[in-house]
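Reading through the structure tokens given below for one structure.
Quick note: the coordinates plus some simple rules give every number you see, no bench work behind them. Since we're looking at a predicted model, the values are computed, not measured. With ideal geometry, Cβ positions are generated from the backbone for all residues, glycine too; neighbour counts draw on all protein chains shown.
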Amino acid sequence: QVQLVESGGGLVQAGGSLRLSCEASENIFNINAMGWYRQAPGKQRELVAVITRGGTTTYADSVKGRFTVSRDNAKNTLYLQMNSLKPEDTAVYYCNADRFTITTTLQRYWGQGTQVTVSS
């Protein structure tokens, strides 16, 4: 089981920045991909950014050029640097870890979520 602990959410004015952190309970080299999702009230959870074990990144179109996903392997920690925040970025942000077993069964793990609120 992979435990994920998130931190860094808060209230910020439009144009400001926040950095989210997600600490994993095991070496993230054992995880195939990690990412950030977000969910606004009444909306479906959507992918924000993902980084594979090999370092390949993918971003939602709405955050390209503003958000950066990265990791610190020594600290087993995933980050999301969020710049130029907009009110529409307001949501609960969730850390995700995906891992394949040796039989290629996908296991998905989620953090508890952290609230990001951007005021206009």
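Below are the figures for this structure:
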item	result
Karplus-derived 3J(HN,Hα), 6.51/-1.76/1.60, for each residue of region 31-36, Hz, glycine and proline x	10, 6, 7, 10, x, 10
FRET efficiency, residue 102 to residue 43 (Cβ-Cβ, R0 25 Å, nearest 0.05)	0.10
Gain on full stretching of the segment that runs from residue 30 to residue 112 - 0.36 nm per residue minus C-alpha separation	27.4 nm
Net charge dipole size for the chain [Lys, Arg +1 and Asp, Glu -1 on Cβ; Debye, nearest 20]	120
Region 31-78: relative contact order in percent, alpha carbon pairs under 8 Å with at least 6 residues between	28
Where labels lie 7 Å past Cα in the beta-carbon direction, separation of residue 72 and residue 13 in nm	2.9
Note, ³J(HN,Hα) from phi for region 93-103, Karplus 6.51, -1.76, 1.60, rounded to Hz, x at Gly and Pro	9, 10, 7, 10, 10, 10, 9, 9, 6, 5, 9
Hits among lysines - C-alpha to C-alpha of residue 64 under 19 Å, sequence gap 8 or more where chains match	86
Under-5 Å amide H pairs with residue 31, H placed in peptide plane, nonlocal only	none
